[in-house]
Amino acid sequence: MRRREFLVRSAYAAGAAWLSSTRLHSATWAMAPLGQKFTASDTVTLGRTGIQTSRLAMGTGTVGSGHHSHQTALGVKGLSELLLNGHEHGLRFFDAADSYGSHPHVAEALKHVQRDKVTVLTKTWARDPATARADLDRFRKELGTDYIDICLMHCLTEGDWTERYKGVMDVLSEAKQKGMIRAHGCSCHSIEALRAAAKSPWVEVDLARVNPIASHMDADPDTVVGVLRQMKAAGKAVIGMKILGQGDMRERQDEALKYALSLGVLDAFTIGAESRAEQEDLLRRIAAAA
């Protein structure tokens, strides 16, 4: 057998074995009952931050980049009304980011709710202290609020990010001391970055990609969940994202939601609805999960 053919066959076999194990893993938890009832509006506490909010966060960044997302395409009026509709159903968690361009939409919604009764999370791409300071000032103005509940370093991929971007971490720590933010942390987009976050005492909140089919994830589900359990044990807040695999599980929502709820490691999770009907259907599905 030629070397190239051997490598191709080996890669195929490895992939097939991984897919088989993932399916087996999926089937195992899918058959097990959750053992308790959940609702999207359940009040949860995020790690040791003291922040209490709803189990479900209203995402505003489906395919979010370049200050645009599926949600911001609804316009300020459309998205703010969607957020307020969720609020009327008990959702108290607004998940925004500079890269989604959703600050003005969240700001409009904030005008109609009691500020200290909702949680606002946003994210900065800053990789140097000066940009981080400027972002914090700009974000608060754009959001129309004196403080941000959670500010995350967005989309970290480097395994050494805790050293490489220590200056940004220091700016966020200082902002917390001054009351500009209540908690800091990161969103990770590689298993190396996720492992570094698990080890870092600085990380209070981690936004992690997790679903049963490893869609848009940092590694296979078992590997990622193992790291998340370390975070949970260390008292960090763990918030799940990509619960529906960025739409890859749109036709398997019940399966994806049951998986997220079954893990026992997620304090909350974020999903971006694109209409009231979709949002309210999601609320019903979470309540019906068993």
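Only the coordinates and a few stated rules stand behind these numbers; no lab work does. Source: prediction; values computed, not measured. Cβ coordinates were reconstructed from backbone atoms using ideal geometry, including for glycine residues, and neighbour counts include every protein chain displayed.
Counting 0.36 nm for each residue step from HIS67 to HIS112 and taking away their Cα separation leaves a gain of 13.8 nm. Between the beta carbons of ASP248 and LYS141, assuming R0 = 30 Å, the FRET efficiency works out to 0.25 to the nearest 0.05. Counted by neighbouring Cβ atoms within 10 Å, the residues TYR165, TYR259, TYR100, TYR147 run from fewest to most as TYR147, TYR165, TYR259, TYR100.
For the chain, the longest principal axis of the C-alpha atoms and the axis of helix 3-31 are separated by about 60°. Placing a label point 7 Å from the Cα of ASP222 along the Cα-to-Cβ direction, the residues of the range 178-213 with a backbone N closer than 15 Å are 212-213.
Taking neighbour counts of Cβ atoms within 10 Å as a proxy for exposure, in what order, fewest first, do TRP161, TRP202 appear? All intermediate terms of the calculation are to be shown ahead of the outcome.
Details: TRP161 22, TRP202 15.
Starting with the residue having the fewest Cβ neighbours, the order is TRP202, TRP161.
Amide H to amide H, with H built 1.01 Å from N, ALA40 comes under 5 Å of ALA287, counting only residues 5 or more places away or on other chains.
Helix 253-262 and the long axis of the chain differ in direction by around 80°, with both axes built from C-alpha atoms.
Basic side chains Lys and Arg get +1 at the Cβ, acidic Asp and Glu get -1 at the Cβ, and with that the dipole of the chain about its Cα centre reaches some 460 debye. With the convex hull of its Cα atoms as the shape, the chain has an orientation-averaged projected area of 15.9 nm².
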